[in-house]
Every structure is written in C-alpha cells, then in structure tokens.
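The values are calculated or read from the model by the stated rules, or taken from the named source; none is laboratory data. As the structure is a prediction and not an experimental result, all values here were calculated from the model. FYI the Cβ positions are ideal-geometry reconstructions off the backbone, even for glycines, and counts take in every protein chain you see. These accessible areas exclude ligands, DNA and RNA; they are computed on the full protein's heavy atoms, side chains included. Shrake-Rupley method; radii C 1.70, N 1.55, O 1.52, S 1.80 Å.
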Amino acid sequence: MPILPPLLDNTKSKIERDAYLIKSFRQLKQDNPSISDFLDLIYKDIAKFVAENDGDQLPSFLSKISYKHSQLLYQKLEMIYPHDIQLISLNHDHRSDVQKITAEVYFKDAHDKMILEDLMTNLPKIVPLEFLTGDKEFTKKIGKVYGNCLLFYGLDESCFTCVFVAQ
C-alpha cells in the first residue's frame with residue numbers, strides 16, 4: 001500500500017491526510033502483525049509530523065527517522081550495558097547444520113528465522129552471548145531450540161541467553 005503519495009498531497013486537508021495515515025497503518029499492522037509494536041512507534045512520530053507540517057517535508061523527515069530510532073536503541077543498550085559493545089563479522093560455516101537443528105521452529109517473519117540462524121551459526125565465535133530483543137514471541141521460539149545448538153557445538157548453558165527487554 002503506497003502511503004507516501006496521499007500524505008504528500010497538499011491539496012488534501014490535514015484531516016484527510018490523518019485519516020489516510022490511520023487507515024494505512026491499521027492495514028500495515030494487519031498485514032504485518034509481527035512488527036506491530038514497531039509500527040506503533042513509527043506511527044506516533046509520523047502522525048505528529050503530518051499534523052504539524054506540510055506533506056512536502058515528509059520525505060526529509062522519513063530519512064531522519066531511522067537515524068533517530070537507531071540512536072534511541074543505542075542509548076537504551078548503553079543504559080543496560082554501559083561497557084563497550086563488540087561488533088562481529090558473520091560466517092556461514094555451520095549454516096546448514098543450524099538450519100536442520102532449528103527446522104522445527106516456525107516464524108511468521110522470515111527475518112526472525114534468519115536472525116536465529118545467524119545467531120546460532122556464529123555462536124561459538126561470540127560466546128558468551130546475551131541476546132536482547134523486544135520481541136516476546138522470538139524469545140519463546142528461540143528458547144525451544146538454542147539448547148540443541150549448544151549441544152551441537154559442545155557448549156554449556158552459560159554460553160547463550162536470550163533476554164526479553166520490555167519497551
């Protein structure tokens with residue numbers, strides 16, 4: 001559903017644009033239930049901006065919104081873990097093994113499945129790993145299979161934890 005063109009149309013009243021935005025986000029949430037919390041967060045920012053500004057300023061605002069939210073994430077991580085965060089490069093040496101081990105878990109969002117596979121494929125490289133997520137469903141599903149991955153690598157329970165961080 002193309003959200004932007006109607007919001008950029010300055011011939012429409014603010015009420016019409018607001019109504020269109022509400023309808024669009026309801027549809028997005030219905031089509032993508034796995035990211036509804038994220039859509040709620042983004043909706044608030046966009047709705048406020050659309051209510052206070054002309055549509056022609058929206059593309060510039062949208063280009064800045066991802067930076068804003070990524071910075072909020074870093075600030076939250078810094079509050080929880082004030083020490084340095086180490087970046088790693090991913091490898092795919094055991095990808096097919098991990099895919100077999102995690103095959104029993106079904107995710108509505110294919111990206112969640114890829115995140116699980118990336119985490120478990122690279123686990124020996126980054127132990128101990130404490131994975132933080134705001135996705136309660138992901139936390140439940142990863143809990144069903146990470147133990148099998150630990151066994152595969154010969155690691156113990158202290159090597160991996162998945163923590164749900166309430167927003």
Seminar exercise, completed: Length gained, LEU62-LYS14, 0.36 nm per residue minus C-alpha separation, equals 15.5 nm
Problem set entry | Label-point gap, in nm, between ILE22 and LYS144 - each point 7 angstrom along Cα→Cβ | 3.7 nm
For this session: Show the residues, 5+ positions off or on another chain, whose built amide H is closer than 5 Å to the amide H of PHE160.
Result: LEU129
For this session: At 1.4 Å probe size, with no ligands or nucleic acids counted, give the accessible surface of SER13 in Å², nearest ten.
Result: 50 Å²
Seminar exercise, completed: Amide H proximity to LEU132 below 5 Å, modelled H, separation 5+ or other chain, gives VAL163
